[in-house]
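Remarks on the structure that follows.
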Amino acid sequence: MERIDNAANTALSPVMKYLAEYPESPKAEFIQLAVSTTDFDSILEYLLKVYPLLRNRRLSDAEIEFIKPYDDIRNIIDNCKEN
């Protein structure tokens, strides 16, 4: 059990440090929201699958199709920032 606790502490340490340093940031607010509700679980699962693909320059057709919703959302957000 102690080994699991050490692994959890190691994983959570940067998160706790960030939350302590920037408690009012949008990222901190989202982290707090994400751990207190299940509303974003499916989106987070999708983003965790997309993330490794974003760095890959040689994507299969299926992977390109898989990340298309992410690209669409990014484009919408970028356009909102410009306005």
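Here are the numbers for this structure:
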| item | result |
| --- | --- |
| Filter pass, Pro26 being of a type outside the set (S, T, N, Q) and surrounded by 10 or more Cβ atoms within 10 Å (Cβ to Cβ) | no |
| Yes/no for Tyr18 being open to solvent by less than 70 Å² (accessible area, probe 1.4 Å), assigned to a helix (DSSP H, G or I) and aromatic (Phe, Trp, Tyr) | yes |
| Extreme residue, most open to solvent (accessible area, probe 1.4 Å), among residues of the stretch 51-64 that are farther than 22 Å from Ala34 by Cα and in a helix (DSSP H, G or I) | Asp61 |
| Failed criterion for Leu48 (all others in (1) loosely packed, with under 11 Cβ neighbours inside 10 Å; (2) more than 15 Å from the chain's Cα centre (by Cα) hold) | (2) |
| Filter result for the condition that a residue is out of contact with any helix residue (DSSP H, G or I) (no Cβ under 9 Å at 6 or more places or on another chain) and part of a helix (DSSP H, G or I), over Ile73, Ile31, Ile67 | Ile73 |
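Per-residue answers, yes or no, for (1) over 29 Å from Glu63 (Cα atoms); (2) among the acidic types (Asp, Glu):
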site: Asp5; (1), (2): yes, yes
site: Pro14; (1), (2): yes, no
site: Glu21; (1), (2): yes, yes
site: Asp41; (1), (2): no, yes
site: Leu44; (1), (2): no, no
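The values are calculated or read from the model by the stated rules, or taken from the named source; none is laboratory data. Owing to the predicted nature of the structure, the values given are computational and were not obtained by experimental measurement. So basically every Cβ, Gly included, is an ideal-geometry build from the backbone, and we count neighbours across all protein chains shown. Protein only, heavy atoms only, side chains kept; ligands, DNA and RNA dropped before computing areas. Shrake-Rupley method; radii C 1.70, N 1.55, O 1.52, S 1.80 Å.
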